[in-house]
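Undergrad: So that we are looking at the same thing, I have put the structure below in structure tokens.
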Amino acid sequence: MIKILPDILANKIAAGEVVERPSSVVKELLENSIDAESSKIIIEAEQGGRSLIQIADDGIGMNRDDALLSIERHATSKLFNDDDLFGIKTLGFRGEALPSIAAVSIFTMITKDTDSQTGIKIEISGGKIFNVSEIGAPKGTLISIKDIFFNVPARKKFLKTINTELGRILDIISSTAISFPSIQFKFIHNGKEVKNFLKAQNPLERITDVLGNDVKNNLHPINIMSNDISVSGWIASPELSRSTSDGIYLYINERSIRDKIIQKAIFEGYDGRLMKGRYPVAVVFIKMPYDKVDVNVHPAKSEVRFASQHLVYDAVKNAVNKVFQKINVPKWTPPDIHYDEPKRPKINTPVFFPEKKVAEDYFPYESKLKEHFEAEFKTEIKTKPETIPETRRDNQVNEQNTTIDKANSYEQTTLGEKKGKFSSLRLIGQFNNTYILCESDEGLIIIDQHASHERIVYEKLKQNYDKKQQQMLLIPEIFNPGFKHIDNLIKIIYDLNKLGFEVEFFGNGEFVIKSVPVILSDKKATPIIMDILENIYETNSPKKDEIINECLMTMACHGAIRANQHLNDQEMKDILAQMDKIDNPSFCPHGRPTWINWDIKFLEKSFGRTL
């Protein structure tokens, strides 16, 4: 039997599409505040948004009638006909955000427009209005959301930790702030100011506020106009690349979006200047006729559809590529590799770095760091590990990903277990600047130069754990890890020190790197630590040994030679000799095979010499 759903249940279903988590609420309310022509927006949250989300703005506000209509489903002031629907110029437009949010929370709205003598206060609990009253209020709107999902426990249990939800809220605020530099965005969490994006004089100033000063000097402007499509913004030098796409900010007509096609266009624009598996840091603004882009294809309005996608793709690709051609940035070529640690004297002379800033205004982390170091010191006195635990991924490598598919002519042997076996192989040469080809009595041995050297570096880093083999930096690197990574950085800062990275809190959300492991002394330190933090954030593992191994694996990956790198005979022989000196040389730290064997029987059968 078919029934008409009650309004409250229908609103809960709608809320499931619009309100996924606290950050979804923040996004919807920010869009409404921006559409209301606000110049200042204050966002407050408690417990990562679980217990409170409150947004106040100084926008145009609403009168009593409009305020009551705004909490009805399908009520909007932004669409009136088909032309409006297919040429949307505002961030919000559907008229379902407020009733959807109110259906799953304790909701309060106070609003007043210029023409009204008093404001109106509307209170709703679980979708039911229980109070409407007049109240003294300034022009603008304040919306308070308490106990989100209190009446939908099934959805509430899927919320992540406070820090994770808090990080997602700050991501929304930051990405929105980039697109609207003329608006002040102030964020307060648990009564403490976390971030305050003051009104900026220009977009670059706001981008620097969000991405950090360490990025500013490596940004290059892009600007192109093609087929009514304007592409502008800034892209970072290839050396600032990341291991995830978190550093890519895309905007269509000031709307923050996710789009894999545009991301691919940015990659293509770098034209070989990025290493495989690396993501650029970029802020790209695309402006085009509103009727040429459909923003009504996703419940959260985070995806769009283009009328002529290929034109947008070409415009973005050309805009990025034009920059690198103009500034003549060469395509990526790997550095020369020598496994032996450089015999550099340790620098003991004082190094200069700017005077430490006062931290309390933004991140009161100095006391946190002190507590963390004291706790780690006490733990170390009790039990000091002799060696770092082996990576869990090595222990969990199973038959499926360690035994090579014999149907594809690959056969793994016990070659790696025979000491001296690799150095005794007869070197043939290098194939495709990626694989080392060798001959043995058993057949043809093919060695992945990156995977094998990554294992070598990983083992070396493990052996040097807590041996303080550091290289002081003449010019310390100052970087901003971003709010969602700061807690993890504090948790691992003691272990980073044991690994050779001397990292200290600098102030205003920034940290300073004063030394690096000797084995990585020719590498830029900031990308390595950012990759470590991003990998820890993605895996979300609470176990200390797994966290340390994430650090080791990331460092090994940065320190190892790459694919598409030419090696001379001596360098290849050095790798073979080093493989003989380590345990488990047959797999990289991530569990991928470092070598395969095509035996003589298989080769003869493939060429029809035998049946």
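The values are calculated or read from the model by the stated rules, or taken from the named source; none is laboratory data. None of the values given here were measured: they were computed from a predicted structure. Every residue, glycine as well, gets a Cβ built from its backbone with ideal geometry; the counts of neighbours run over all protein chains shown. With ligands, DNA and RNA removed, areas are computed over all heavy atoms of the protein, side chains included. Shrake-Rupley method; radii C 1.70, N 1.55, O 1.52, S 1.80 Å.
Undergrad: Need a quick list: helices (runs of 4 or more DSSP H) entirely within the stretch 390-489 having at least 1 residues that are modelled with pLDDT of 85 or more and of a type in the set (Ser, Thr, Tyr).
TA: Because the criterion is at least 1 residues that are modelled with pLDDT of 85 or more and of a type in the set (Ser, Thr, Tyr), the helices (runs of 4 or more DSSP H) in the stretch 390-489 that meet it are 449-463.
Undergrad: Considering only residues that are touching a helix residue (DSSP H, G or I) at 6+ places or on another chain (Cβ under 6 Å), aliphatic (A, V, I, L, M), open to solvent by less than 10 Å² (accessible area, probe 1.4 Å) and not in a helix (DSSP H, G or I), which ones fall in the stretch 555-605?
TA: Listed by number, the residues that qualify are Ala560, Ile561.
Undergrad: A further question on this structure: Exactly one condition in (1) free of Cβ contacts under 8 Å to residues at least 40 places away in the same chain; (2) open to solvent by less than 70 Å² (accessible area, probe 1.4 Å); (3) closer than 18 Å to Glu37 by Cα is false for Ile135; which is it?
TA: (3)
Undergrad: Right, something else. Could you check Thr141 against (1) over 30 Å from Asp487 (Cβ atoms); (2) surrounded by fewer than 18 Cβ atoms within 10 Å (Cβ to Cβ); (3) of a type in the set (S, T, N, Q) and say which number it fails?
TA: (2)
Undergrad: A further question follows. What residue, among those in the stretch 39-68 that are in a loop (DSSP other than H, G, I, E, B) and of a type in the set (A, V, I, L, M), is nearest to the chain's Cα centre (by Cα)? Before the answer, list the steps.
TA: Of the residues in the stretch 39-68, the ones in a loop (DSSP other than H, G, I, E, B) are 39, 50-51, 58-63.
Next, only the ones that are of a type in the set (A, V, I, L, M) stay: 60, 62.
Values: Ile60: 35, Met62: 38 Å.
In this case the residue turns out to be Ile60.
Undergrad: Take Ile266 and tell me if it is modelled with pLDDT of 90 or more and crowded, with 16+ Cβ neighbours inside 10 Å.
TA: In short, yes.
Undergrad: With respect to Glu72, is the statement that it is more than 30 Å from Lys287 (Cβ to Cβ), modelled with pLDDT of 90 or more and of a type in the set (Asp, Glu) true?
TA: So Glu72 does not fit the description; no.
Undergrad: Take the residues in the stretch 192-219 that are surrounded by fewer than 17 Cβ atoms within 10 Å (Cβ to Cβ), out of contact with any strand residue (DSSP E or B) (no Cβ under 8 Å at 6 or more places or on another chain) and at pLDDT 90 or above, then tell me which one is farthest from Glu165 (Cα to Cα).
TA: Here the residue is Glu205.
Undergrad: Checking Val516 against (1) part of a helix (DSSP H, G or I); (2) crowded, with 20+ Cβ neighbours inside 10 Å; (3) in contact with a helix residue (DSSP H, G or I) (Cβ under 8 Å, 6 or more places away or on another chain), only one condition comes out false. Which one?
TA: So Val516 meets the others, but not (1).
Undergrad: Just checking, which of Lys195, Lys199, Lys186 is within 30 Å of Ser144 (Cβ to Cβ) and part of a loop (DSSP other than H, G, I, E, B)?
TA: Lys199
Undergrad: Do you know which of the residues in the stretch 498-513 that are open to solvent by 30 Å² or more (accessible area, probe 1.4 Å) and either in contact with a helix residue (DSSP H, G or I) (Cβ under 8 Å, 6 or more places away or on another chain) or modelled with pLDDT of 85 or more (or both) is nearest to Asn163 (Cα to Cα)?
TA: Among residues in the stretch 498-513 that are open to solvent by 30 Å² or more (accessible area, probe 1.4 Å) and either in contact with a helix residue (DSSP H, G or I) (Cβ under 8 Å, 6 or more places away or on another chain) or modelled with pLDDT of 85 or more (or both), the one nearest to Asn163 (Cα to Cα) is Glu504.
Undergrad: Still on this structure, please answer the following. Among the residues in the stretch 586-594, are any closer than 18 Å to Phe431 by Cβ, of a type in the set (Val, Ile, Thr) and touching a strand residue (DSSP E or B) at 6+ places or on another chain (Cβ under 8 Å)?
TA: Yes, some residue in the stretch 586-594 is closer than 18 Å to Phe431 by Cβ, of a type in the set (Val, Ile, Thr) and touching a strand residue (DSSP E or B) at 6+ places or on another chain (Cβ under 8 Å).
Undergrad: Turning to a different aspect of this structure: Kindly establish whether Phe501 is within 23 Å of Ile207 (Cβ to Cβ) and over 14 Å from the mean Cα position of the chain (by Cα).
TA: no
Undergrad: Name the single residue, out of those in the stretch 222-253 being surrounded by 16 or more Cβ atoms within 10 Å (Cβ to Cβ) and at positive phi, that is nearest to the chain's Cα centre (by Cα).
TA: Only one residue fits best here, namely Gly233.
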